[in-house]
Amino acid sequence: MSKTANVVLDRDAVLNARRLVIKIGSSSLTTPDGGVDTKRILFMSDLIAWLVGRGKQVVLVSSGSVAAGLAPLGFKERPTDLASLQAAASVGQGKLIEAYNDAFYRHALPVGQVLLTVDDVTRQSSYRNAFRTIQRLLDLGAVPIINENDTVASNEVRFGDNDRLAALVAGMIGADAMIMLTDVDALYTKHPDEEGAERIFRVDDIDALEVDIHRMGSNIGTGGMETKMDAARICTQSGIPVFLTKTSLAERALRGEKLGTVFTAQKKRTPRRLLWLEIASQVAGSIQIDDGALRAISENRASLLAVGITAVHGDFEAGQPVEIIDSAGTAVARGLPNYSSADLSLMMGQTTYQLGETLGQEYERAVVHADVLVPVRIAALKGYA
């Protein structure tokens, strides 16, 4: 079977998806001088209205708030200091959502603005609140328009770009597919303008790709092709296929033309709670384990017991996410412990029998049960989570 034929089959998962997350970048929404490109906004509203009319639910993750605020504030290019970026986002977010509201009004579709911070997807209570809000908007027939809350995010605590945000939202809401719209028509082996660049129609294993993507990006947005690969990795490992193409080609691609690049999904979808734990949770500390415990949790999928713990780092309570690290200090898993760091300092190294004898029966449980213990597979959010 030809490569093109495979693309058609793989694209079916995207074309037939009922719940879609569409991510569009700043460079696809703004004019060269930084203003909102109303024609592109109208194009997106027409595209999404067409999809909704076909019975689909669509969540739009839209960049552009900072870019839209540059020209009104007199910036000739994107500033680098945090205060100016937040000021531009404050002005631009209003202009951006106003443009979307006017565009979708033509289709009698209400829009709901949802601004998220890292805390909203790293703290479980906030994560649930964000999910409920987006779910309710979809139930009511509205189009949620999501962006990072740049006006309050700091350089130290932020997603870094909306590609990762879109991937986390896709996992949060149980999306059937994610579509990334950008300023290139597909993924290439190197910059499309370079001699010998070849289009990649299908990606089954992102980590096995041999591509040069460091030059693919725009001077308006914060993300490039590298962050899109990170986002695709998050989605596909969560059972969500990803389709990447140029914004202007989106409708043709969604009507079935052989365009863009498909990233195939793993068959087994990670449960939403474990997705949160694996790639979105902010850890409160770490538990260091010996080689025997490492083999037990990695090879046998066993629960973590106190006897295999060699050190406890940080100050955390029972139920707060922690990182499990090996003897070299490398993160190997994340989990929700049944005990606080103070308790674990007393328990580590002891067998279940010894714990019962010295501390009581309530200490005879696993430290981290296998059901809430997930391997660390995604390094894309290091520094963001």
Quiz prompt | Simple label model, 7 Å out from Cα along Cβ direction - E364 to T189, nm | solution = 6.3
Quiz item: Separation between the R18 and R295 pseudo-spin-labels, each 7 Å from Cα along Cα→Cβ, expressed in nm?
Solution: 4.6
Quiz item: Which length gain, in nm to one decimal place, applies between H313 and E77 when the Cα-Cα distance is subtracted from 0.36 nm times their residue separation?
Solution: 80.6 nm
Quiz item: Which one of M348, N300, G319 has its Cα pushed farthest toward the positive end of the charge dipole of the stretch 295-351, where Lys and Arg give +1 and Asp and Glu give -1 at the Cβ?
Solution: N300
Practice problem: Give the residue from T31, L51, S62 lying farthest towards the positive end of the charge dipole for the stretch 19-80; charges sit on Cβ (+1 for Lys and Arg, -1 for Asp and Glu) and the dipole is referred to the Cα centre. | Solution: L51
Quiz item: Just for the stretch 275-338, what percent of DSSP beta bridges are antiparallel, to the closest 5?
Solution: 75
Quiz item: S327 to L274: extension gain in nm, 0.36 nm per residue of separation minus the Cα-Cα distance?
Solution: 16.6 nm
Quiz prompt | Proximal aspartates and glutamates relative to K95, as straight alpha-carbon distance under 17 Å, when same-chain residues fewer than 8 apart are discounted | solution = D33, D37, E148, D150
Quiz item: Among the aspartates and glutamates, which fall within straight-line cross-link reach of K56, defined as a Cα-Cα distance under 20 Å, with same-chain neighbours fewer than 8 residues apart omitted?
Solution: D10, D12, D46, D139, D176, E251, E257
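FYI, it's all coordinate maths here, none of it is from the lab. Just so it is clear, the model here is predicted, and its values are computed rather than measured. Cβ: placed from backbone, ideal geometry, glycine included. Neighbour counts: every protein chain shown.
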